[in-house]
Amino acid sequence: MPLKPIVAHNVQLFVLVKGKLAAGNIVDCKSPADACRVAEEKVRVGRAIGAAAFTRTVVDPDYDDGGEPVTLAIFGRVPPGVADQLPF
């Protein structure tokens, strides 16, 4: 029986480590709107220097098999490659 794809909505946080931008925690969210809200809030309250809300279709979570993430929104400072992934 084929696996049913799962659409995951997440936020990638970015923090400063020894003065350099680094990936922080990933936060699971319930919807694209929730991911954007969480990303904005984490930066606004100072929990991260930057955040990217994204969505991704995962076919097999056990093997991390799925499509490329689609960046929905970015807030604060993020690596240049993340900003380049915005669909608009």
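Yes/no matrix, rows are residues, columns are (1) within 13 Å of the chain's Cα centre (by Cα); (2) modelled with pLDDT under 85; (3) of a type outside the set (D, E, K, R):
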{"position": "8", "(1), (2), (3)": "yes, no, yes"}
{"position": "17", "(1), (2), (3)": "no, no, yes"}
{"position": "33", "(1), (2), (3)": "yes, no, yes"}
{"position": "49", "(1), (2), (3)": "no, no, yes"}
{"position": "52", "(1), (2), (3)": "yes, no, yes"}
{"position": "56", "(1), (2), (3)": "yes, no, no"}
Being touching an Asp or Glu at 6+ places or on another chain (Cβ under 9 Å) and modelled with pLDDT under 90 is the requirement here; does residue 66 meet it? yes
In segment 1-36, what residues are assigned to a helix (DSSP H, G or I) and in contact with a strand residue (DSSP E or B) (Cβ under 8 Å, 6 or more places away or on another chain)? 32, 34, 35, 36
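The values are calculated or read from the model by the stated rules, or taken from the named source; none is laboratory data. Computed from a prediction, not measured in an experiment: that's the story for all the values here. Cβ sites come from the backbone with ideal geometry, for glycine too, and all protein chains shown count toward neighbours.
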